[in-house]
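A short write-up of the structure that comes next.
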Amino acid sequence: MTTLFDQLERPLRDLRISVTDRCNFRCTYCMPKEVFGPAYQFLQRDDLLTYEEITRLARIFVAHGVEKIRLTGGEPLVRRDLPRLIEGLSVIPGLKDLTLTTNGSLLRRQAQALGEAGLKRITVSLDALDDAVFQRMNDVGVSVSQVLDGIEAAREAGLTPIKVNAVIERGVNDEGMVELARHFKGTGIILRFIEFMDVGNTNGWNLERVVPLREMAERIGRELPIEPAEANYRGEVAKRWRYLDGTGEVGFISSISQPFCGECTRARLSPEGELFTCLFAAHGHDFRSLLRNGSDDAGIAAFLKNVWRLREDRYSEIRGEATVGLERVEMSHIGG
Ligand code: SAM
Ligand code: SF4
Ligand code: SF4
């Protein structure tokens, strides 16, 4: 196994694979209906990497230092036959962790098959426990109970430890933070609050709608006392806090108020095979052409080495005047 380092000495360790740009939700902060409406042109089937192509790339990435793969989207569970991909990925020698992020709405039907195919654990997104708030955010009328039932199905299928992600937007769902924390406290499910990010170009982001980590922790801590805990490993994205009464922990993903670019070891593969070296990049590097023009593994590896070697992204650290108005890839295209 070779380890690749970028311009800032960051190794390549994680690969997020977006398997589709489609989704059955229209979260207002990610795929607002006004943009992702009936006329929106999603990728066509032939554009998508096949499962064989994804698996081949994943093998090459793992041989060059990737230890963890996360499947995402769009909504990964809307892509047909996903367990077949998981079967292929789960047997790659050297891969230490294989997980998936989902909105949870289709989990009840699929959790068992995902587990049997070799998925180890899962992250489910759930932004509120109040139906009116949640439905306003997902904008397609899916209920909280449907997602909670999906989480339960994941637990039954042994996809643990389960993590739950909640994006917090001021004036939209911040009043429900404590209720969410209370619901998952002591269950073994790890809740993580995410600062609303300026990903893509369509979600109407502005700084006033971000609730910074410090404020989130204070508001939760007032009701449910917490203290900061040490990171599990270098480069861990979520800042961990533990409940003082010993009933577990919550996490905060603070890419706005406390950026973590210096530790960023992630690459993201889009559904059509472009590799993005940053969540906020405007353009990717085309691996699909290599896969389809007969390149051998050594040729693809050489391309990867070059892309990673030249990487110098640190968008969140320089966010501000330098980044206003820059074009960016949509979150629903490359996943979180
Ligand atoms: N559809 C799946 C889901 O929602 O879990 C996977 C893809 S989604 C793009 C991955 C994660 O990104 C979700 O947890 C979602 O809440 C988060 N996300 C999307 N837009 C965001 C934004 N503007 N700021 C912060 N997180 C965001
Ligand atoms: Fe779909 Fe996930 Fe984006 Fe919501 S956050 S629109 S569920 S891709
Ligand atoms: Fe990594 Fe880019 Fe996010 Fe910084 S802004 S942590 S480089 S993905």
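Coordinate-derived values only; no laboratory data. What you are looking at is a predicted structure, and each value in this text was computed from that prediction instead of being measured. Here the Cβ is made from the backbone with ideal geometry for all residues, glycine too, and neighbour counts use every protein chain on show.
Points worth noting:
- Separation of segment 128-185 and segment 243-292, taken as the distance between their Cα centroids, equals 22 angstrom.
- Per-residue [θ]222 nm for the chain (sum of -39500 (n - 2.57) over DSSP H runs n ≥ 4, rounded to 500): -8500 deg cm²/dmol
- Binning all Cα-Cα separations of segment 99-210 at 10 Å, short to long from zero, yields these whole-percent fractions: 14, 44, 32, 10, 0.
- Gaussian network model of the chain, springs between alpha carbon atoms under 10 Å - residue of Gly284, Gly299, Gly115 with greatest fluctuation: Gly299
- Translational D in µm²/s for the chain (Stokes-Einstein at 10 °C, 1.306 mPa s, Kirkwood Rh from C-alpha pairs): 78
- When the trypsin sites (Lys or Arg not before Pro) in segment 62-162 are filtered for DSSP coil states and for at most 14 other beta-carbon atoms within 10 Å of their beta-carbon, the remaining sites are Arg80, Lys96.
- Cβ-Cβ FRET estimate between Thr50 and Val140, R0 fixed at 45 Å, reported to 0.05: 0.95
- Per-residue HN-Hα couplings for segment 122-132 [Karplus 6.51, -1.76, 1.60; θ = phi - 60°; Hz; x = Gly/Pro]: 8, 10, 10, 8, 8, 8, 7, 9, 8, 4, 4
- Label separation (Arg170 vs Ala231): 2.7 nm, computed from points 7 Å beyond Cα along the C-beta direction.
- Cysteines, the chain, no other Cys beta-carbon under 4.7 Å: Cys23, Cys261, Cys264, Cys278
- Cut-off under 5 Å, modelled amide H: who pairs with Glu169 long-range: Asp174
- Sparse-neighbourhood loop sites, trypsin sites (Lys or Arg not before Pro) in segment 209-256 - DSSP loop, at most 12 other Cβ within 10 angstrom: Arg234
- Charging the Cβ of each Asp and Glu at -1 and of each Lys and Arg at +1, and nothing else, the dipole of the chain about its Cα centre rounds to 620 debye.
- Amide hydrogen proximity for Ser125: with H placed 1.01 Å from N in the peptide plane, the residues at 5 or more positions away or on another chain lying under 5 Å are Thr102, Asn103, Gly104, Asn165.
- Nearest 10 degrees, 0 to 90: helix 107-117 Cα axis against the chain principal axis: 40
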